[in-house]
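The values are calculated or read from the model by the stated rules, or taken from the named source; none is laboratory data. Quantities reported herein were computed from a predicted structural model and do not represent experimental measurements. Here the Cβ is made from the backbone with ideal geometry for all residues, glycine too, and neighbour counts use every protein chain on show. Areas reflect the complete protein model, heavy atoms only, side chains present, ligands, DNA and RNA absent. Shrake-Rupley method; radii C 1.70, N 1.55, O 1.52, S 1.80 Å.
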Amino acid sequence: MFAAFVRYASRPDRACLVFVGLFAAFVAACASGASTELIGTWRLLRANAPVPEACSAATLTFNRDGTFEGSSGTLKTRGRYVTTGRKNSYRLKFEQVEYSGAENCQGFTARDMQANNADALDLAFEREGRDFRLSAPLPSDVYIVYTRAN
């Protein structure tokens with residue numbers, strides 16, 4: 001979804017915001033020893049660019065074993081993730097991503113998502129850990145926010 005979401009961003013921002021699979025990102029408790037704050041299911045809360053109403057059901061689930069699953073429209077995503085702690089945030093990287101289903105909530109296919117991937121995203125917790133914000137690691141004002149669903 002993040003890759004599709006950046007379509008609405010300015011051209012320079014788009015170049016640095018493209019993200020693998022809708023999730024975003026799309027990150028804790030992995031083999032590299034990040035925080036357990038991220039474990040659980042999260043749903044899309046808001047973004048600072050237009051996103052269709054259908055995207056309100058988009059979710060990300062992060063597991064203790066370093067795997068994740070995502071859902072947006074009929075597109076399902078799964079794979080592994082790695083986080084690296086940074087001052088007040090994490091660097092998030094998705095690995096071994098697999099896609100199933102036809103399209104995400106914005107009408108983008110798995111092929112679209114695979115073609116528009118970024119190596120890593122920045123993740124910062126908000127509201128005392130109840131939400132997290134994903135953004136490109138380069139300076140940008142485009143972001144997407146997920147809130148804890150469980």
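Remarks
- Coupling constants for segment 43-51 follow from the phi torsions by the Karplus curve (6.51 cos²θ - 1.76 cosθ + 1.60, θ = phi - 60°), and in residue order they are 10, 4, 9, 6, 8, 9, 9, x, 9 Hz; glycine and proline get x.
- When all alpha carbon pairs of segment 45-93 are counted in 5 Å bins from zero, the resulting P(r) reads 5, 16, 21, 20, 22, 13, 4, 0 %.
- Taking all protein chains as shown and a probe of 1.4 angstrom, residue 98 keeps an accessible surface of around 90 Å².
- The alpha carbon centroids of segment 66-89 and segment 103-138 are separated by 9 Å.
- Protein accessible area in segment 68-131, 1.4 Å probe - carbon and sulfur %: 42 percent
- Point-to-point label distance, residue 114-residue 36, nm (Cα→Cβ direction, 7 Å offset): 3.6 nm
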